[in-house]
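Asks: Pasting a structure below so you can have a look.
The values are calculated or read from the model by the stated rules, or taken from the named source; none is laboratory data. Since the model is a prediction, treat every value here as computed from it, not as a measurement. Heads up, the Cβs are rebuilt from the backbone with ideal geometry, glycines too, and the neighbour counts pull from every protein chain shown.
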Amino acid sequence: MNIEKAFRFPFEGNGLGLVLIGGLINLVPILNFLCLGYAVEVMERVNDGRYEMPSWSDWGRKFLKGLGYLAISLFYLFIPLLVILAGGAGSSTYNSAAAPVFGGVGLLGLLLLLAFGFLVPMSIARYAATGLLAEGFRVGTVIKCIGAAAGGYLAAYLLSIAVYFGVGVVSVVIPFLGSILAVFLAFYACVVVAALFAGVHRDAVSALESGG
């Protein structure tokens, strides 16, 4: 995983223009699936050792890749989100005596969300690297890859949280202009995070192939 390169390459060449386009596309519902597909294409390139921004072409392919990204995410997060919703709905529907029970259900859902959400980035990296949607659903393989590069994966995970937190801070701290900047920074963050996890996946595969 090359952290410095992951943060820098989106601005190389005509990257800034591509980031600006991505930020605008990300604002449009449904069309923003293209941005998820773009992240998958970034992962494909980084997995091959190429830190470069894809062009905004072949939108059909990007849209399908985005749907794959969404499908994998929902596969892991559906049950945790369902538990969270059940806890929240129960707390607001039943009397106060039952509220602690449903509060506990909501907490369980949050813990499940953190646990299953931890698997999502590597699952999408597997999908990007192989081009096979089914690879994103192979939980055992995903866990094996995470274990092969555990330190790098944890670092990438924490960095991704920090990056998105930073985008949120910008949107809140800087009046008006911050909200505009956050639109483009959010897409930039998506690209950076994709590169980080693709780099970790590449390291994991190398470690597994060498028997590490």
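Asks: For the condition under 14 Å from the mean Cα position of the chain (by Cα) and either polar (S, T, N, Q) or under 25 Å from L34 (Cα atoms) (or both), what is the one hit in V167, V142, V200? Please lay out each step first, then the result.
Replies: Values: V167 fails: under 14 Å from the mean Cα position of the chain (by Cα); V142 fails: under 14 Å from the mean Cα position of the chain (by Cα).
Only one candidate passes the filter, namely V200.
Asks: With respect to G211, is the statement that it is outside any helix (DSSP H, G or I) and out of contact with any Pro (no Cβ under 6 Å at 6 or more places or on another chain) true?
Replies: Values: outside any helix (DSSP H, G or I): yes; out of contact with any Pro (no Cβ under 6 Å at 6 or more places or on another chain): yes.
Answer is yes for this residue.
Asks: Within region 1-50, restricting attention to residues that are in a helix (DSSP H, G or I) and of a type in the set (V, I, T), which residue is nearest to I72 (Cα to Cα)?
Replies: So the first thing to find is which residues in region 1-50 are in a helix (DSSP H, G or I), and the list is 3-11, 15-25, 33-47.
Filter once more, so that each one left must be of a type in the set (V, I, T): 3, 19, 21, 25, 40, 42, 46.
Values: I3: 25, V19: 24, I21: 25, I25: 22, V40: 12, V42: 17, V46: 20 Å.
The qualifying residue nearest to I72 (Cα to Cα) is V40.
Asks: Within region 82-105, how many residues are hydrophobic (A, V, I, L, M, F, W, C), at pLDDT 60 or above and surrounded by fewer than 15 Cβ atoms within 10 Å (Cβ to Cβ)?
Replies: Matching residues across region 82-105 total 2.
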